[in-house]
Structure formats: C-alpha cells, structure tokens
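Visitor: Got a structure for you, questions after.
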Amino acid sequence: HGKSGDTFYKNIKKLQRAEILTIEKENISVKKYFQFDTNKVLTFSDINECSEAFEELFIKIIKEQSHGLEKVGSKLSGGIDSSSITAILAKYSNAETISYSALFKNLNAEDFKKTDEKEFMDSVIKRSKIQNKKVYIDSLEIDPFAYIDDSEYSEVTPHANRYFEVLLLEAASKDGIKVLFDGFDDDSVLSYGYEHLNELGSKFKLFKLIDEAKKLSKNKSVHSIFKDHVLIPYLPNNLISRIKFYKNKDYFQNRLKILKNGKHFLDELQYNNHFGRKKVNKRNVQEMHNATLDWPIWEVAMEFSYIDSSKFGIEERYPFFDRRIMEFCLSVPGKYRLHQGISRYYFRESMRGHLPNKNIERLSKGNISPLIVNYLKRNINELEKEIFSDIN
C-alpha cells in the first residue's frame, strides 16, 4: 500500500487514525492528536509479574468487549492468538460463545499439511468445553481471487486470504451472531520480540546475543548474527536500502526493479519512507516495534473488513487492537519478548492455565496460502500478460 493517507485516486487523500482535520476559510490543516509513547518501558521484577499483568489486562478487555451480549462468536484457527481469545471468552464471558473454524479439503497431501490446524483447534474446544462450527473450504470449488476482484470495493483489498473469513462470517450470521471476535493482528501488536536481538547487539552483550539468535535459528552463523544485530543497526536505512537494491538481496527491491518502468512508480526508498524506518533507532526495542504499529495498512485492512462484516450484519471486534493492549505490549522490555528462542514469551506465559500446553508451546503457525499459490501457478501466464500489458 502507498504512503500514509494515500488512496488509489489522484488528489484524493484520507484522514488516518489519530488525526484531526481543520478547515478554516481556504486553509486545510491536519495534525495528530495521539501517538504511542516509545519512551515508556514498564518495569517488572520477573517474567511472572509481566505475564500476570498482561493476563489481567487481557481478561478485562475481553470481558468489556463481550459485556451485555447474549451470544458471541469467535474465530478459532488453532493459533495462540485466536485460541487465547476463544478460551478467555469461554471462561469469563456471560455470553453463549460459539467458535468458528475453517478447514480445507481436496488439497494434495503436502498442501493439506500446511493448512491443517485441527489438532490445535480441538484441544482448545475440548479444554474450554465450547461450541464449534467447522466451515469446510473446498479447493476444487472455491476461487480465492473472486474475493479480491470484488467490484464493490473502491480500492484493491489488502486481504489476500480474506475469502475464507467471509465464509466464517456467513456461517456466524446464520447462527444469529452479531459480534464476532478476531485475533487480527496479534503478531504485530504482541511482537515476536526479534527487536531484542538488536538491543543485545547494541549493548555488546555478545554471548547472550549469540545464544538467543542460535536458539531462534540454529543454522545462523556467528558472522550473520554480528552483521544483522551489531553492524546493520548502526547503518542508515537509506544506505541499507541502496545495498540491498544493487545486490538483489531483498524481495521488495526485486519487485521494484520489475516495476520501475511504470509511469508513476515511486523510487526504491519508498518502502523505508513508508514505514518511517529511516527515522527509527534500530537499537531501540520500542521504536522498532512502534514502526510496525504505525504501518498505515492496519486501518486500510479494517475498512475492508467492515465492508465484509456489514454485509452479514456482524461487528468484528479485535481485542489486540484495543489501545490499552497496544500500549502495554509496546512498553514490554525486550527480555520478556524473546527468551531462549521462544517468541512472544510473556504472552505465552500469560496463557498458562487457560490453554493446553501444546498450544502455548508450539512455535510454528498454519499456512493458509495454498489456494492462493495454486491459483497463481495455474494462471501465471495470463496474469503476466495482464500485468506487463498495463505497465507498457
């Protein structure tokens, strides 16, 4: 997506989150009235105090967001984010809770294995004693690109895999669900904690850095660890971008090279400017995390989600995007984010007692891309013709 406030339409801008627009005679001004404080770092005596503080806040927000509802739905993918929301709803909400899960069929064995989360879904369902409705996605019948091509949208949707969530919305609406909980986007709000590696490198805690990096990726060489987490954080982003551009080391830069012949395409530094990361101290945990939270794609994604859910008379609620959760997660010290190769460490610890250990301790995630990937492979020649004819 483009820079903050951009749309696909010439001279048409939109107001971003936490902005206020003032019109006075012929003058228009826009200013931010809120931004997260990247100087705030919470202090805890140990991981238990940190995880308990998050647990208390998370339960409070789930209870508030489900207050007064007689019936509520929750998307359950088997990942720790949706599993946590579903488990807390089942335990603390007064509403009847129904979970909705998508399962894929008619995929080859390799692709099915990528998508198969049933074991983790069922473990949450069994422990929480919660209702579950499974929605089957038939790869032979579903065209994943039909959702993306929907002419009802004014711009290109950022939701490549939203097609199956629309089917979950449809199933929930048939059950009379008016509010459906969604774990979007816990990865960004909680943070995997990789910023902690740069923090260790900047403080020259080299043995600790090597230990953490090796636990996270055992095949990573000491040379790569030093380069990525000691050297690069001290280099200007513009210089890094230039190096990647000329060495073909970055997938985004490769796409830029293909598209540079387009009439209105921006320069190769757009990516860094977009994220604002040229101004970010890459040795500061909170600043690096906040650069992700500031990404303008989030409000764009929610605009499209609102269009989808409105068709079914459903409001989707996102506990991880509650401002209090975001402020807490942003302020968590690096050492509680990543520990011995375990990402989102404090969050996992906070869910002990609510989720089965197998859900808490899994470090992998399901892959829901096979339908999209297979579609692209089947139609690659036609797609290439269409794309390059537009460029020329």
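Visitor: Past the 20 Å Cα-Cα mark, which pairs from Lys113/Lys365; Lys75/Lys178; Lys31/Lys282? Please report the intermediate quantities before stating the final value.
Guide: Numbers: Lys113/Lys365 11 Å; Lys75/Lys178 13 Å; Lys31/Lys282 26 Å.
Violating the 20 Å Cα-Cα cut-off are Lys31/Lys282.
Visitor: What nm value, rounded to one decimal, do you get for the distance between Asn281 and Ser217 when each label is placed 7 Å out toward the C-beta?
Guide: So the two model labels end up 2.6 nm from each other.
Visitor: What does the helix-only formula give at 222 nm for the chain: each DSSP H stretch with n ≥ 4 adding -39500 (n - 2.57), the total divided by the residues, and the result rounded to the nearest 500 deg cm²/dmol?
Guide: About -13500 deg cm²/dmol.
Visitor: Which percent of Cα-Cα pairs in the chain sits in each 20 Å bin, short to long?
Guide: 23, 58, 19, 0
Visitor: When only the heavy atoms of the protein chains count and the probe is 1.4 Å, how do Thr292, Thr115 rank by accessible area, highest first? Intermediate values should be presented prior to the final figure.
Guide: Details: Thr292 35, Thr115 10 Å².
Sorted by accessible area, descending: Thr292, Thr115.
Visitor: Right, something else. Search the structure for amide H atoms under 5 Å from the amide H of His339, placed 1.01 Å from N in the peptide plane, and list their residues when 5 or more places away or on another chain.
Guide: Tyr345
Visitor: Right, something else. Please go through the range 131-164 and write out the chymotrypsin sites (Phe, Trp or Tyr not before Pro) that DSSP classes as loop and that have at most 16 other C-beta atoms within 10 Å.
Guide: On the way: sites: Tyr136, Phe145, Tyr147, Tyr153, Tyr163, Phe164; in loops: Tyr153.
Filter output for the range 131-164: Tyr153.
Visitor: When the accessible area of the chain is split by element with a 1.4 Å probe, what percent falls to carbon and sulfur? Could the numbers behind the result be given before it?
Guide: Values: 11100 of 21470 Å².
Taking all protein chains in place, the chain shows 52 percent carbon and sulfur surface.
Visitor: Can you give me the P(r) profile for the range 284-365? Cα pairs, bins 5 angstrom wide beginning at 0, each as a whole percent.
Guide: 3, 12, 16, 18, 18, 15, 12, 4, 1, 0
Visitor: Also, I was wondering about something else. Which links in Lys63/Lys220; Lys32/Lys60; Lys227/Lys358 stretch past 31 Å when you go from one Cα to the other?
Guide: On the way: Lys63/Lys220 43 Å; Lys32/Lys60 28 Å; Lys227/Lys358 34 Å.
In this structure, Lys63/Lys220; Lys227/Lys358 lie more than 31 Å apart at Cα.
The values are calculated or read from the model by the stated rules, or taken from the named source; none is laboratory data. All values derive from a computational prediction rather than experimental measurement. When we count neighbours, we look across all protein chains shown, and the Cβ atoms used for this are built from the backbone with ideal geometry, even at glycine. Just the protein is used for accessible areas: all its heavy atoms, side chains included, with ligands, DNA and RNA removed. Shrake-Rupley method; radii C 1.70, N 1.55, O 1.52, S 1.80 Å.
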